[in-house]
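Below is one structure, written out as structure tokens, with a few remarks after it.
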Amino acid sequence: MADALLEIDGVTKRFGGFLALDRVSLQVRAGERLGLIGPNGSGKTTLINCVSGALPTDGGRILFEGRDITRLPAHQRTRLGIVRSFQIPKPFVSMTVLENLGIPLEYAAPPRSHGAAAGALDILKMIGLDAKAHLRPAGLTQIEMRKLELARAMAARPKLLVSDEAMAGLSSAEVDDILAILFRLNEQGITIIMIEHIMRAVMRFSERVVVLDAGNRIAEGTPAEIVRNPAVEKAYLGE
Amino acid sequence: MKTRGALVVGVAVIGLGVLLGGLRVNPYVYFAGYVVLQYVVIATAWNVLGGYAGYVNFGTPAFFALGAYTSIFLIEAFKAPLPVLIVCGGLVAALLGLGIGYLTLRLKGVFFSIATFALSVVLQTLIINWEYVGGAKGYTLIRPPAPFFRSWGVLLFTLMVVLAVVTVLVARTIERSWIGRGLAALRDNEEAAECMGVPTLRLKLFATTLSGFFLGVAGAPFPYYVTYVEPSSAFDLNYAVNALAMPMIGGTTTWLGPVIGAVLLGTAQQVATVTISSELNLLIVGVVLVLFVVLAPEGITGLVRRLRRR
Amino acid sequence: MFTWDLLANAVVAGILLGGFYAAVSLGVSLTFGLLDVVNIAHPAFVILGAYAAYVMNSSFGLDPILTGVLFTPLFYALGAGVYRIYYSSFERRGEESLRGLVFFFGLLFIIEVALSLKYGVDYRLVEAAYIGKSIDLGGVGIAFRLLVPCVVGLLMTLALSLFLSRTFYGRAVMGVSQDQVALRLMGANPVRIKTIAFGIGIAAASLSGALLITISPVVPSTDRDYIGRVFAITVLGGLGSVGGTLVASIILGVAESLMATLFGPSWSLAVSFGILLLALAVRPAGLFGR
Amino acid sequence: MNGFRTLLGWALVGAVAGTLALAGADVFVARAADPIKIGLGMALTGGLSANGKPALMAIQIWKDDVNKKGGLLGRPVELIAYDDQTNPATVPGIYTKLLEVDKVDFVVSGYGTNLIAPLMPIAMERKLTIMGILGLANNEKYKYPSYFQIQPSGPDPEANWATGFFEIAARQNPKPQTIALVGADAEYPRHAIAGARELVKKFGFKTVYDKSYPPSTVDYTPIARAIKAVSPDIVFVASYPPDSVGMVRASAEIGLQPKIFGGGMVGLQFTTVMTSLGPMLNGIVNYDFWAPESTMMFPGIKEFFAEYQKRAKEAGVDPLGYYLPPYAYSAVQILGLAIEGGKSLDQQKVADYIRSNEFSTIVGKVRFGPNGEWAKSRVLQVQYQGIKGTDVEQFRVPGKKVVLYPEEFKSGTVIYPYSAAQK
């Protein structure tokens, strides 16, 4: 795939004797909405950690915009445009919502802009968190916390956003809320990898779905194809 | 308060210090003032790592003593003058700081604290067995007459005023710069900070090195103050406790916290030493510590902030 | 100067010492290792236990170790009380680590000073039939003064690991450190469980204090010698691993003893802490980390 | 926010300046000195406080004694004492406070070498007379003429310290040949071992073991065993109280049986240690300063102990107080005698008087040499003999701590070898 934004090429990761990722390969096109699913422990989060740089890989290569980033530390990948959100929100608790966004704006968004506060407010407005701009994260609700997580990722001006279970535990209306935000981001040209357990959301959102099981890529296709794939069913339901 | 304003205040404080040195006030003021100011440097330096970056250094005595023993070595070997001692004491301690900075790669939280404590024990054993700087017997420094000043008390006091002001100004500048914001982010959540583009390792190394530098600086003039240095007092656990307690009492997130904490607790300890003069002194420190962390968890600055928000 | 006999004796002495270290460290292994409470005042509680043993010994001639056992309920209550304060002041607010540390430092001072106000600063020792006697097993001499604490330390380790693996509360304590939600589903209240565990940790201090004063004289500030050792052992052993704590204690004991016998004791403490630093650098989770 | 910070910052600067100014203002309110004030820092907390407290008590007894007799030069004596926390870093502050704020007329040192050392330059800069309370070789580097040390170490403190022990050893028949030296990694033991090394050469022994250990060592059996492995005739130990106990117990347990054992152990002189070690002490030859033997009954000492032991009971400090208290008392006693004798409060005159006179104190006749140490060493070597059980009363009577050295104070004969005394 010539126009791949992200190219994962045979990435392997071991924890002691446990093989978490077994030569996983995956390409993501610029502007794509990709769903990444798999049962618990299938290696989704490990793969994301390898892509974002939180974990070193034990083999294989990762390329971003054609550049090998396999050995790059996480913060530099962020600066290149790979930004992730966390499954369990990890806000900077001593800062206000606005200041939370200030960190990526200052450290990741190129170039260091003077209108940082204004940029942050725009993001908050778009995400619907502007009313809480001067609150500390401790004063936020669950859904607002998720939104802050997304807003902060946005502030890093990502080219590729990896959304790690941003909807777990939310109500159906709240899921729709987050989905709407993600769709809007994608429209602005941001490539999105969505890791999610809520099938309804993944299937609605993704153009393409990749399925991991026990560290292997077992299936790939459009949502409709994946739903019909017997291997996927087997992985989820067992034999 | 803009940076220029801070500089003006800093210079004013130094001016006050020099003025106080020039006035023929009671020499005890200089000795007590020296100790309190020394704690301002220690608490502020500790706070750069402990308060801003959230890495609790238990090895403060190691850095302080390294500063003091670097001085002793340089005096013994080269008869080096005081400014050289301070710079070198700071640099050697900064190197140790850089070392513990790399420890943060693998050790977080309490593990880091325990490692720094272990480092302190190892270093103390080295000094105990190094006869050149006095070893376990201790080192007696014979002071020449004080240069430029009328006594060592005034000289050391004035010096500490300058060092304290410089340390506080540096800490304040860092706190308000992009570095300070990055450190705050990594204190709140290191993983998230890294993922938001913060070069956490580089910032941590910066913080440990700088913190180590000023802790060493605080220790460098110590031989001239006590004139007799021996390992068990240079590596006194009290430095570890005070370095931690003073910022906690004042508040760890701003530069003002450690200053307030050091002035309050340091003065209280000085006063208690020459008034109550018994175990009660230590008891007060213990009770104050417990009360403060229970009742005013964000220190005095936090308390004031909370009251003002009402 | 090396003989096999000397080596054997050094190893045995190290194991004996290790058994005692295990007793002192068990409480920390429980409170710090499993509950994540950085109770830096633990050695001060140990000294408190030592003074209890001293007082009962000097006024009623009671055996120190018997005193240690008798005082465990009192220490348990003390520990439970301290944990309640700690919980309501720090843990509930979610700001335990740093402030908790200062809290325990304060507690350490208070205990030290209270002891020296009450009992002065003289060195305190106890008398017991087994102090000063030893047996010889095929060239290896074993002092009862060290053997008794070692055996008690081993028994304490055994009791604690049985408690943790075999009883409901014990398993709940293990659960607290891993999954509080699951614990709630089991119908156990984590705070209650932690209170119990902390109480047990401090109760262990009562007994290990009695062992300490059997081995060497004690002053209120003796606790400072143990802060480093105890946390080194807990970390080296791997947090929350009772067996690991025992192994680490013995490693430290043997290392100190071998250094003292064969190379000169001056460096023994530095070697212990060097081992710790090395272990932390290579394997931060400790030897038997969870 | 920023405005408030500024305000707070200024308030802080004001507070510092205010505090300092207030402390300074004390000078002006200091009233005309009516009583003669004597100031000191003393270890009332920390490592040396077990000795510091009794020492201060002894000095207070002297003050009361003097005041009962009408004071010095007709003026009452007042004591001002602060706690130095056994921390040398507190000493400069404490003594400056004493001299500048409290305006004391004389200072006396705290207890111990480490706490005397930081006082030396302060005293020298002001040309004060200092009485040192038990420090080893403090004046070696300074050679300050107005320093006087009550510890009877003698003109060459390091070497004189253990002379008695070595002389006793050398006098035995057959003469012991080999020696083991062991000491803690701390100030006093290092000095004592250094002195002992010189004596080893002088007396022609052969060193078979020479090691030091960290003071926080828990178990001493490995050390005792390593010493036993080289089977020395003499074991010389320089240690502080906890390690003294550790060494004595460990040696008893593993059967370390040299022909002569002891030398420089601090702690065996303390009552609590003596009563807990009990018979384990038998045969040990160790340095000491005083023992309730007939040869040591100097004028006034009985009365002193009567008063001391009465007060000690209430204060919970060393109940017998044979080690440090009489010397602490004598230090101030000499100061008082010199003030009276020279009829002056002038530092120089008092120092001159002390230098050129002999004093009759409760620890006997004291004359100082040119370096401020006793002109002639009087470090005793005593042997513990016939101790049964752990009763404290037995240590009040003669014959338990027999003085072997020096000759003029000898009160009994040595039991040799060590093992013979343990039966």
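Nothing in this text is a laboratory measurement; each read-out follows from the coordinates by a stated rule. Note that the structure is a prediction, hence the values are computed from the model and not measured. As a convention, Cβ positions derive from the backbone with ideal geometry for all residues, glycine included, and neighbour counts pool all protein chains shown.
Here are some notes:
- Here is the result for the stretch B:227-310: no chymotrypsin sites (Phe, Trp or Tyr not before Pro) lie in DSSP coil with at most 10 other C-beta atoms within 10 angstrom of their C-beta.
- Reach of residue D:127 by Cα under 19 Å, taken over lysines that are not fewer than 8 positions away in the same chain: D:37, D:97, D:103, D:141, D:143, D:343, D:349
- For the stretch B:153-310, the Rg and Dmax computed from alpha carbons only, in angstrom: 17.7, 54
- Note on residue A:214/residue C:60: beta-carbon distance plugged into 1/(1 + (r/R0)^6) with R0 of 56 Å gives a FRET efficiency of 0.25.
- Relative contact order of the stretch B:3-309: 32 percent, from C-alpha pairs under 8 Å at least 6 residues apart in sequence.
- Tail fraction, Cα-Cα pairs, the stretch C:4-282, threshold 33 Å, whole percent: 20 percent
- Footprinting exposure proxy for C:263, C:198 (fewest neighbouring C-beta atoms within 10 Å first): C:263, C:198
- For the stretch A:90-152, a crude dipole built from +1 on the beta carbon of Lys and Arg and -1 on the beta carbon of Asp and Glu, taken about the Cα centre, is about 120 debye to the nearest 20.
- The angle separating the long axis of helix D:2-29 from the principal Cα axis of greatest extent in chain D is about 80 degrees.
- Share of pairwise Cα separations in chain B, more than 30 Å, in percent: 31 percent
- Using every pair of distinct Cα positions in chain D, the Kirkwood expression returns a hydrodynamic radius of 22.8 angstrom.
- Positive minus negative residues near residue B:45 (Lys, Arg vs Asp, Glu; Cβ under 15 Å): 0
- Charges were assigned to the Cβ only: +1 to each Lys and Arg, -1 to each Asp and Glu. The resulting dipole of the protein assembly as shown about its Cα centre is roughly 1160 debye.
- Residue order, fewest to most surrounding Cβ atoms within 10 angstrom, among D:308, C:87: C:87, D:308
- All lysines inside 16 Å of residue D:175 as judged from Cα atoms, apart from same-chain residues fewer than 8 positions distant: D:201, D:202, D:206, D:259
- Local net charge near residue C:199, Cβ-Cβ under 13 Å (Lys/Arg +1, Asp/Glu -1): +3
- Build a GNM of chain A with springs between Cα atoms under 10 Å apart, and of A:153, A:173, A:30 the one that fluctuates most is A:173.
- In this simple spin-label approximation, residue A:131 and residue B:132 carry label points 7 Å from Cα along the Cα→Cβ vector, and these lie 7.0 nm apart.
- Ascending count of other beta-carbon atoms within 10 Å, so fewest first, for C:222, B:209, B:167: B:209, C:222, B:167
- Mean Cα-pair separation over length for chain A, i.e. relative contact order, pairs under 8 Å, 6 or more apart, %: 26 percent
- Percentage of interatomic Cα-Cα distances in the stretch A:122-202 larger than 20 Å: 28 percent
- The charge dipole of chain B, taken about its Cα centre with unit charges on the Cβ atoms of Lys, Arg (+1), Asp and Glu (-1) only, comes to about 980 debye.
- Rg to Rh quotient for the protein assembly as shown, alpha carbon positions, Kirkwood Rh: 1.02
- Sequence-distant lysines (8 or more away, or on other chains) whose Cα lies within less than 17 Å of residue D:410: D:365, D:376, D:400, D:401
- Within a Gaussian network of chain C (alpha carbon springs, distance under 10 Å), most fluctuating of C:238, C:253, C:61: C:61
- Normalised convex hull volume, the stretch C:1-107, alpha-carbon set, Å³ per residue: 153 Å³
- Other residues whose C-beta falls under 15 angstrom from the C-beta of residue B:116 contribute a net charge of +3, scoring Lys and Arg +1 and Asp and Glu -1.
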